[in-house]
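Working notes for the structure below.
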Amino acid sequence: MRIDIITILPELMRSPFEASIMKRAIEKGLVEVHFHNLRDYTKNKQKSVDDYQFGGGAGMVMMVQPIDDCITFLKSQRHYDEVIYMTPDGETLNQKMANTMSMYENIIILCGHYKGVDQRVRDHFITKEISIGDYVLSGGEIGAIVLCDALIRLIPGVLSDETSALTDSFQDNLLSPPIYTRPADYKGWKVPEVLTSGHFAKIEKWREDMAYEHTKNRRPDLLDNE
Ligand code: ADE
């Protein structure tokens, strides 16, 4: 998979890709992440990428021209499955969307800033608008990092034990059951006996029951969507 990220803050974005699972995925050649600084595409002398809103109103708007030039250049190089815009009024990201998108070959992610982008960018270039939740961030960059993390860990071969992504919370509309490690007794706080019983069928049943209980208590809405 190739991910092209268009941003005015590439320096803000790099470090999450230089650690842990995303770093390993890049090193294994399973994903390429390229940052494009929008300022490199602006044609005006001040190198600005934003301007005042037509009709007045507070907040600057990201201009069409640099975004057009950047996306048009990228699209001349290869086909993209989606051109994604990170925005609080987009479709809220969930595991199902991440599963689908993890199978894509090439995607562009545009990070918005200020008040947002000129509507003509959305009308003519964007194929998918994604929000990471009902709150407003200072820009799309952190949302783009969240999206990349959710996608990259699902690419086959990224996680050493592939089943560990399959047993993640949300994969089957259930939250994960509780997990424990040694010691089995810490200050009298004991691990549930079944987990140390060595009886795998019982352990599996216990995990399923706990996942269901946990989901029912915390996120009953997930059970309704089955
Ligand atoms: N940009 C600003 N807020 C955002 C959000 N909640 N999700 C995605 N991009 C954003």
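The values are calculated or read from the model by the stated rules, or taken from the named source; none is laboratory data. What you see is a predicted model, and the numbers here were worked out from it, not measured in a lab. Virtual Cβ from ideal backbone geometry, glycine too; neighbours counted across all protein chains shown. These accessible areas exclude ligands, DNA and RNA; they are computed on the full protein's heavy atoms, side chains included. Shrake-Rupley method; radii C 1.70, N 1.55, O 1.52, S 1.80 Å.
Give me the dipole magnitude in Debye, nearest 20, for the range 41-128 about the Cα centre, with unit charges on the beta carbon: positive for Lys and Arg, negative for Asp and Glu.
200
May I ask you to derive the relative contact order of the range 2-152, considering only C-alpha pairs under 8 Å and at least 6 residues apart, and to give it as an integer percent?
29
Can you tell me the orientation of helix 141-152 relative to the chain, as the angle in degrees between its alpha-carbon axis and the longest Cα principal axis, to the nearest 10?
It is inclined by approximately 50 degrees.
If you place +1 on the Cβ of every Lys and Arg, -1 on the Cβ of every Asp and Glu, and leave all else neutral, what size is the dipole of the range 2-152 about its Cα centre, to the nearest 20 Debye?
My answer is approximately 280 debye.
Hey, what does the equivalent ellipsoid look like for the range 169-224, semi-axes from the Cα gyration tensor as sqrt of 5 times each eigenvalue, largest first, whole Å?
24, 13, 8
Rounded to the nearest 0.05, what FRET efficiency do Phe54 and Thr167 give with R0 = 41 Å and r taken as the Cβ-Cβ distance? Could you check?
0.20
Pulled fully out, how much extra length does the chain show between Arg24 and Phe200, if you take 0.36 nm times their separation in residues and subtract their Cα-Cα distance?
Result for the pair: 60.2 nm of gain on full extension.
So between Val191 and Asp81, what do we pick up on full extension, going 0.36 nm a residue minus the alpha carbon distance?
Extra length from Val191 to Asp81 when fully extended: 35.0 nm.
At 1.4 Å probe size, with every protein chain present, just tell me what the per residue accessible area of the chain comes to in Å².
Working: 13480 Å² over 226 residues.
Per-residue accessible area for the chain comes out at 60 Å².
Give the angle, between 0 and 90 degrees and rounded to the nearest 10, that separates the Cα long axis of helix 200-218 from the longest principal axis of the Cα atoms of the chain.
For helix 200-218, the angle is close to 50 degrees.
Multiply the residue separation of Glu129 and Asp224 by 0.36 nm, subtract the distance between their alpha-carbon atoms, and state the gained length in nm to one decimal.
31.7 nm
Place a point 7 Å from Cα of Gln65 in the direction of its Cβ. Which residues in the range 32-59 have their backbone N less than 14 Å from it?
It comes to 39-52, nothing else.
With every protein chain present, what accessible area does Lys205 have (1.4 Å probe, heavy atoms only), rounded to the nearest 10 Å²?
That residue has around 110 Å² of solvent-accessible surface.
Can you give the helix-only mean residue ellipticity at 222 nm for the chain, where every DSSP H stretch with n ≥ 4 adds -39500 (n - 2.57) and the sum goes over all residues, rounded to the nearest 500 deg cm²/dmol? Intermediate values should be presented prior to the final figure.
Values: 9 runs with 79 residues, N = 226.
My calculation for the chain gives -10000 deg cm²/dmol from helical runs alone.
When the convex hull of the Cα atoms of the range 2-152 is projected onto a plane and the area is averaged over all directions, what value comes out in nm²?
Approximately 9.2 nm², given one-decimal rounding.
Could I have the simple spin-label model distance between Lys47 and Asn99, label points 7 Å from Cα toward Cβ, reported in nm to one decimal?
With each label placed 7 Å out from Cα toward Cβ, I get 4.5 nm.
Placing +1 on the Cβ of each Lys and Arg and -1 on the Cβ of each Asp and Glu in the chain, which of Asn44, Gly133, Tyr212 has its Cα farthest towards the positive end of the resulting dipole?
Selected residue: Asn44.
Lys/Arg Cβ at +1, Asp/Glu Cβ at -1, dipole of the chain taken about the Cα centre: which of Ala184, Pro66, Val31 is farthest positive-ward?
Working it through, the farthest residue towards the positive pole turns out to be Ala184.
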